[in-house]
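The values are calculated or read from the model by the stated rules, or taken from the named source; none is laboratory data. In this text, all values refer to a predicted model and were calculated from it rather than measured experimentally. In this analysis, Cβ positions are derived from the backbone assuming ideal geometry, glycine residues included, and neighbour counts consider all displayed protein chains. Only protein heavy atoms, including side chains, enter the accessible area calculation; ligands, DNA and RNA are left aside. Shrake-Rupley method; radii C 1.70, N 1.55, O 1.52, S 1.80 Å.
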Amino acid sequence: MIYKVSDVEQFQTQKQFIDTAIVPLVQLDFSEIGMKQTSSASEYLMSLTTFIEQQLHGRLMLLPPFSYTKLTKSSETAISIEKELKEAGFKSVLFVTCDHEWSDLKEQLNILWLPAIPLESMDKTVKQRILEDQLKQVLPVLTSVWAQ
């Protein structure tokens, strides 16, 4: 499910089945070099989380990305987001990011760090294969989150 009206309405009637929220954490860097790197990471992260949502539709909801800069990055905000999502009925919250610094919060939050793969120069077939391979890495993490 995606955070859009029709899916939200379905979530509200079927909370017991749609128990997981995925929150992409997207870093923004507007420096000369950083802009290309973070836009590439964002493209990868959004492609992957959308693919995960398509494969597990009806079990989880993909939320809009939480975008931040180095100055606005806040562990307190991520903790607050998780708290509000749990109060809204999600049993599990998984943050997915390409920014390794979020790994420091693994004791407090379910954080999945994945290295960014530059998808922008790949053809559709290769891109699809990579997303399928990445899903195979994400599924055990989701399974462990659901077992908590």
Query raised in the report: Counting just the residues of region 107-121 that are among the aliphatic types (A, V, I, L, M) and in a loop (DSSP other than H, G, I, E, B), which one comes out farthest from Tyr44 (Cα to Cα)?
Result: Leu109
Query raised in the report: Does region 73-84 hold any residues that are open to solvent by 60 Å² or more (accessible area, probe 1.4 Å) and in contact with a Phe, Trp or Tyr (Cβ under 8 Å, 6 or more places away or on another chain), and which are they?
Result: none
Query raised in the report: If you go through region 58-72 one residue at a time, do you hit one that is of a type in the set (Gly, Ala, Ser), open to solvent by 20 Å² or more (accessible area, probe 1.4 Å) and on the phi > 0 side of the Ramachandran plot?
Result: yes
**Report entry** Among the residues listed as Ile18, Ile52, Ile2, the single one being modelled with pLDDT under 95, surrounded by 13 or more Cβ atoms within 10 Å (Cβ to Cβ), in contact with a Lys or Arg (Cβ under 7 Å, 6 or more places away or on another chain) and not basic (Lys, Arg)
**Finding:** Ile18
Report summary line: If we ask which residues in region 58-103 are assigned to a loop (DSSP other than H, G, I, E, B) and under 14 Å from Leu28 (Cα atoms), their number turns out to be 9
Query raised in the report: In region 133-141, is there at least one residue being buried (at least 17 other Cβ atoms within 10 Å of the Cβ), in a helix (DSSP H, G or I) and over 14 Å from the mean Cα position of the chain (by Cα)?
Result: no
Report summary line: Counted residues in region 85-107 being closer than 20 Å to Trp146 by Cβ and open to solvent by 100 Å² or more (accessible area, probe 1.4 Å) come to 4
**Report entry** Residue ID - nearest to Lys73 (Cα to Cα), chosen from residues in region 11-57 that are in a loop (DSSP other than H, G, I, E, B) and of a type in the set (Asp, Glu)
**Finding:** Asp29
Query raised in the report: Looking at region 108-128, which of the residues that are closer than 16 Å to Thr50 by Cβ and of a type in the set (D, E, K, R) is least open to solvent (accessible area, probe 1.4 Å)?
Result: Lys127
